[in-house]
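Laboratory data are not the source of any read-out in this text; all were calculated from the coordinates shown. Please read these numbers as outputs of a predicted model, since none were measured by experiment. Glycine also receives a Cβ, built like all others from the backbone with ideal geometry; neighbour counts cover every protein chain displayed.
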Amino acid sequence: MAFKDWGFFPYAGEQLALADFAVVSFNFSLNGVDGDGNRITLFSKFESNTVSRELHDLATVVDAVASSGLNVGSVDPTRIGLLGHSRGGGLAILHAASDRRIGALATWSSIATFDRWTKHQKTLWRQRGFLPLAKDTTASPLRLGVGLLDDIEQRSEEFNVPSAASRLKIPWLLVHGKADVIVPSSEAGRLYEAADHSRTTLFLLDHVGHLYNAATADEDHYQTLKTIVGQTTNWFHHQFL
């Protein structure tokens, strides 16, 4: 449940920009962040978010980039790449599979499914009309609305990430930590199995979790993250030069 200024995202975007890429980092319209805020405060918006809404937002941003509608300097609209982390990776895969303007795709710790809850959790979710993200709601009032569950279940075929992965016709860099307990590396295996191996590079990292040892800047001083950013920038350069 991140946003553009969360955690290591600003650092990663800055490093990509320093590598001569025009970088567009954005907040989804319903991720609960007010403007350029650094925390989620708009709880009702967060609760009403859905996968469909995020896909619409992503398409809107890509449309703006492709039409030079964003003031981001000199951009070649014929060379657009997508980079997504975790759930954002799943969204990027779905979009790239249907948008011929996307020339390359990189995903970090991507999910292979949006359906991530047990039957018991879903039953309670529907009974309450929401699913709290913390046992202590006073500590964290964040919760998921039942609209998200409806969206995922009613559009399960459209949101099938391995199926979208199998339709990709562009170069794809798939990065995942083997010690990831939030999105297990087996999900990367599912995606790679579905992909065209002639176009796909799988990069698995030993002793690395979901946040690439970068939950804070002090964890390993971004050394693991620097490796991943370097791998990604080199890969994108190779695809577009």
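Key figures
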| quantity | calculated |
| --- | --- |
| Long-range amide H partners of Leu173 with built H, under 5 Å | Leu105, Ala106, Thr107, Thr201 |
| Summed side-chain charge close to Gln121 - residues other than Gln121 whose Cβ falls under 15 Å, Lys, Arg +1, Asp, Glu -1 | +4 |
| 14 Å Cα-Cα reach of Lys169 towards aspartates and glutamates, excluding residues that sit fewer than 8 places from it in its own chain | Asp99, Asp196 |
| Rounded to whole Hz, the Karplus (6.51, -1.76, 1.60) HN-Hα couplings of segment 154-161, x for glycine and proline | 6, 10, 4, 5, 5, 9, 6, 5 |
| Whole-percent pair-distance distribution, where bins are 10 Å wide, for the alpha carbons of segment 1-81 | 17, 43, 34, 6 |
| Relative contact order of segment 155-197, defined on C-alpha pairs under 8 angstrom at six or more residues apart (%) | 52 |
| Net charge, Arg53 excluded, C-beta distance under 14 Å - Lys, Arg +1, Asp, Glu -1 | -3 |
| Residue-by-residue Karplus 3J(HN,Hα) for segment 87-100, coefficients 6.51, -1.76, 1.60, Hz, glycine and proline x | 4, x, x, x, 4, 4, 5, 4, 5, 4, 5, 10, 10, 5 |
| Integer Hz, Karplus 6.51/-1.76/1.60 couplings in order for segment 105-115, x for Gly and Pro | 9, 10, 10, 10, 6, 5, 6, 9, 8, 8, 8 |
| Spatial separation of Cα centroids for segment 124-164 and segment 177-227, in angstrom | 25 |
| Amide H partners (placed H, <5 Å) of His85, local residues excluded | Trp108 |
| Amide hydrogen neighbours beyond the local backbone of Leu144, cut-off 5 Å, H modeled | Leu131, Leu133 |
| CD proxy at 222 nm, helix term only [per DSSP H run n ≥ 4: -39500 (n - 2.57); per residue of the chain; nearest 500] | -12000 deg cm²/dmol |
| Relative contact order (%) - criterion: Cα under 8 Å, at least six apart; region: segment 1-146 | 18 |
| Environment charge at Gly13 (Cβ cut-off 10 Å; Lys +1, Arg +1, Asp -1, Glu -1) | -1 |
| Kirkwood Rh and Cα Rg combined as Rg/Rh, segment 101-176 | 1.09 |
| Förster radius 30 Å - calculated FRET efficiency between Arg101 and Leu204, Cβ distance, rounded to 0.05 | 0.55 |
| Asp5 paired with Lys169, simple spin-label distance in nm, labels 7 Å along Cα-to-beta-carbon | 4.1 |
| Amide N proximity, segment 32-55 versus Ala64 label position 7 Å along Cα-to-Cβ, cut-off under 18 Å | 32-38, 53-55 |
